[in-house]
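What follows is calculated from the coordinates using simple rules that are stated; it is not laboratory data. Treat the numbers as computed from the prediction; the structure is a model and nothing was measured. Positions of Cβ are generated from backbone atoms using ideal geometry, with glycine treated the same way; all protein chains shown enter the neighbour counts.
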Amino acid sequence: MYSKQYLESQLAVALGGRLAEEIIYGEDMVTTGASNDIQQVANIAKRMVKEWGMSDKVGHVVLNDRSGRGPMRMSMQQRIWGNKILGEVEQEVERLVNNSYLIAKQILQNNRDLLDHLAATLIEQEVVSAEEFQVMLVQFNAQTIDYKVLGQERNRER
């Protein structure tokens, strides 16, 4: 069992690789290597809203009919729940993903020196042990952010 706080943290963590590429190489040079991470983020966010009732806006309902497959699944959901609530689900998923992206980006930007050092170390030796990484965290005085519930805005423009 996972808490909402834990799952929201996992969304930010999963976006770290893609964001590191974006920050270091620029948005136009991001590779496809993070595609699995992005898919994982989308899946977790959808499940939080549709299966686990972790959205105050949508409510504590289960909207995912696991028995349905293919095109019939969406039309059945639309009949049961209506377009309005399905639109709210999409907005909530977007909010979770976008805000997790912003949090992860803030953490990486706040720790840019550590990120650059870690990237250079990985290029040189390909692997960094947990102990080596812990030393780097202390060496670069890694900055964290206080945990807070993700904002209510979708932050589409950011």
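Electrostatic bookkeeping for Met54 treats Lys and Arg as +1 and Asp and Glu as -1; over the other residues with beta carbon under 10 Å from its beta carbon, the sum is -1.
Projecting the Cα atoms of Gly16, Val30, Val58 onto the charge dipole of the range 1-68, computed from C-beta unit charges around the Cα centre, puts Val58 farthest toward the positive end. Couplings for the range 134-145, taken from phi via the Karplus curve 6.51 cos²θ - 1.76 cosθ + 1.60 with θ = phi - 60°, read 4, 4, 4, 4, 6, 4, 9, 6, 3, 9, 9, 10 Hz in order; Gly and Pro are left as x.
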